[in-house]
Each structure stands twice: as structure tokens, then as C-alpha cells.
1. So for region 234-256 (the condition being aromatic (Phe, Trp, Tyr) and in a helix (DSSP H, G or I)), does at least one residue qualify?
2. In region 27-77, which residue that is of a type in the set (Ser, Thr, Tyr) and in a loop (DSSP other than H, G, I, E, B) is nearest to the chain's Cα centre (by Cα)?
3. Quick one: Ala264 ticks every box in (1) surrounded by 14 or more Cβ atoms within 10 Å (Cβ to Cβ); (2) within 21 Å of the chain's Cα centre (by Cα); (3) small (Gly, Ala, Ser) bar one, so which box is it?
4. Of all residues in region 189-203, how many are surrounded by fewer than 21 Cβ atoms within 10 Å (Cβ to Cβ) and either of a type in the set (Asp, Glu) or at pLDDT 90 or above (or both)?
5. Please tell me if Arg214 is closer than 28 Å to Glu47 by Cα, surrounded by fewer than 18 Cβ atoms within 10 Å (Cβ to Cβ) and charged (D, E, K, R).
6. Across region 92-113, what is the total count of residues that are closer than 17 Å to Ala144 by Cβ and either crowded, with 20+ Cβ neighbours inside 10 Å or in contact (Cβ under 8 Å) with a residue 24 or more places away in the chain (or both)?
7. I'm trying to understand the selection: among the residues of region 269-292, which are touching a Phe, Trp or Tyr at 6+ places or on another chain (Cβ under 8 Å) and of a type in the set (A, V, I, L, M)?
8. Can you find a residue in region 194-208 that is under 22 Å from Leu142 (Cα atoms), in contact (Cβ under 8 Å) with a residue 60 or more places away in the chain and either not charged (D, E, K, R) or not assigned by TED's automatic domain parsing to the domain that holds Leu239 (or both)?
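The values are calculated or read from the model by the stated rules, or taken from the named source; none is laboratory data. Quantities reported herein were computed from a predicted structural model and do not represent experimental measurements. Because the Cβ atoms are built from the backbone with ideal geometry, glycine has one as well, and the counts that use them run over all protein chains shown.
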Amino acid sequence: MAKLQRPRLSAAQRHPSPQTAAGKDQAGDDNDMFVWVPRECFVSLAEGAVLPELMLMPAYATSAYTAGKKWSKTAEPSQWLGTPILLGARVGALALLEGGTATMAVVSDGLRGLRGDAASKMKRLLPKPGRRGSRLTYQRILSAADVTVSRVKKKGRTVELTLRVPPDGRNLPFESETDAFVLLVWPMMIWPWEQELAIDCALGRAIYADLEEREMAGAHRIAEIFDEIAKKYVAAFDLEGPAATEPLALDGLTLAAAKAALEAPWPTATLRIVATSPKWIAHLNASAYAAVAVHKSPMPPPCDPKP
């Protein structure tokens, strides 16, 4: 997928209302036919592009909808961003609109993704009567959402990360120094398969040396030695929270009620990482984490380097 840009969004674009999102030419029970999806479902896919905070997504398969009004170049983008659309033959929500290209966000029981196509192929999405099949649940949506870093504080060798946690009752995956080390490295990574790191910094140069010692080349190989080198860079870590809360029960609510619940403050946790040297955290700031999604499962614990 081509590199996504970072357009500025108005308040209406960041928070589309159910009325705006449904569109004037829609009919049917919107409370059943659509669901709100937070942009945290796409953090690891959007490459730092700014998506609407909530997007109204079709709750059923493509066969449950039909095409409505077609996009035109004279249309107001804020009336479309974050709304349910038909793009080509697929349904989803409009996540980005720039340079004649529409990027659609998609979430289903087995898929989440961003798909780009010509905006000229975009149409409003209308429910149609008939059998609908299985419905996308909020439990599935929230399980697809990523933990993100919302604040970064540094002092000496310690970096303190405030983590914003989707309200689904999940446990955070920090069990060893490897898990903490990964969050020092991810801001430098462009994509897991890229050959080069995105940031030139002391930690990156040191890791390149670690790879060279093992006769390995390319940033895409770093994950192979996470557990071998974690303790070289992380002296200690500590996790506070989030406080125990019940998962949000959103299915069965109206769109307005579900939107209000998702817009309420999400649980937060604090992760403190003590590096073995302050230079290993020098590259970290809030913008560095804009495209970083916290891993969902614990990493392998540290081990002795392979001979």
C-alpha cells in the first residue's frame, strides 16, 4: 500500500454524527445496520495517517446493502469522512480522502484493513431488506483495536509511557524485558519487512552492530534477536494498571449511546522502562509512537545469545 499522508481533520471529520454518517439518502434501521469502529483498529496499518476517531461501519456483509448517492468532486469531504460507503464492490467506512483517492477502512470477523481506490467509484451505502446473516459485534471490534502510546515522559535512563487501552477487559502483554525492549524499537521500524530503520539514533546503530556480529543484515531481522539482546538495553521495567474494569457492553445500544460510550475516557496504564543508558531512549517522543501499536501477546523472554 502506498504511503498514507496526514491531512488535518476538522471536528466534524474526527467525530461524525450518526445523522451525517448515515447520509440523507439512507433508509432502514441504522442502529442495527451500522456500528462504530474506533481508529485504534487501524493504528498498525495507517502508517501514522490521521483517521477519524470513530467511523460508522456496515455491520453486515456486502449483500445486505445497496448503492446510494455517488461521490462528486463538488461534495463536502467532511460529509463523507467516517461514513459507511461502497467502494467498487466492497463495503466499509471512508477513512481518508485525498488526491482523488479514497481509502476505506474494513472490519469483519476475519479481517481488518485499509483499501484504496479512485474516489470516483465511491457511493453512499444503503441498507436493503431481506436476510442479513451474522452481525459484526462490538466485542469483535474492540478485540481488533490496538493499545497505543498517548504520552511520553523521559528522565535520565527512564522513559514513562502512558498506554491507552481499548475497553474490552484485556490483559497487557508485559511479562519480561523483551516486551519492554520491543517498545523502544518499534518507533524506529517502518514496516517489519523493511531493510532500513526509519530513525538514525544510538539504539538503531547499536542494534545494527548486534546484527552484524551475528552475520545478519537488514532491519527486518531484528525481531529474530529481540530475546537475545533485550537485557543489553533494558535494565528494568514496571507496569501500573489499568484498573480492573468490566468490558464495554455495546451490542444492543443505539448508535448514539454506543458512540457516547466509546468517546468516554478509555482505561490507561503506565509503563516505566529503565534503560541501561539514556542514549537508548533518546529517540523517543510522542510523535515517534504515532504509528506504533503495542503488541497483543507476550514476546519470548530474554535468553542467552546463540553461539
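1. Step one: list which residues in region 234-256 are aromatic (Phe, Trp, Tyr), which gives 237.
Then drop every residue that is not in a helix (DSSP H, G or I), which leaves none.
So far as region 234-256 goes, no, none of its residues is aromatic (Phe, Trp, Tyr) and in a helix (DSSP H, G or I).
2. Looking only at region 27-77, we keep the residues that are of a type in the set (Ser, Thr, Tyr), and these are 44, 60, 62-63, 65-66, 72, 74.
Cutting the leftovers down to in a loop (DSSP other than H, G, I, E, B) gives us 44, 60, 72, 74.
Details: Ser44: 5, Tyr60: 22, Ser72: 29, Thr74: 31 Å.
It comes out as Ser44.
3. In the conditions (1) surrounded by 14 or more Cβ atoms within 10 Å (Cβ to Cβ); (2) within 21 Å of the chain's Cα centre (by Cα); (3) small (Gly, Ala, Ser), Ala264 misses (1) alone.
4. 5
5. Values: closer than 28 Å to Glu47 by Cα: no; surrounded by fewer than 18 Cβ atoms within 10 Å (Cβ to Cβ): yes; charged (D, E, K, R): yes.
It is false that Arg214 is closer than 28 Å to Glu47 by Cα, surrounded by fewer than 18 Cβ atoms within 10 Å (Cβ to Cβ) and charged (D, E, K, R).
6. Filtering region 92-113 down to residues closer than 17 Å to Ala144 by Cβ leaves 92-93, 95, 104-113.
Now restrict to residues that are either crowded, with 20+ Cβ neighbours inside 10 Å or in contact (Cβ under 8 Å) with a residue 24 or more places away in the chain (or both): 92-93, 95, 104-109, 112-113.
So the count comes out to 11.
7. Leu271, Ile273, Val274, Ala275, Val292 - these are the residues of region 269-292 that are touching a Phe, Trp or Tyr at 6+ places or on another chain (Cβ under 8 Å) and of a type in the set (A, V, I, L, M).
8. Pass one, region 194-208, residues under 22 Å from Leu142 (Cα atoms): none.
Within region 194-208, none of the residues are under 22 Å from Leu142 (Cα atoms), in contact (Cβ under 8 Å) with a residue 60 or more places away in the chain and either not charged (D, E, K, R) or not assigned by TED's automatic domain parsing to the domain that holds Leu239 (or both).
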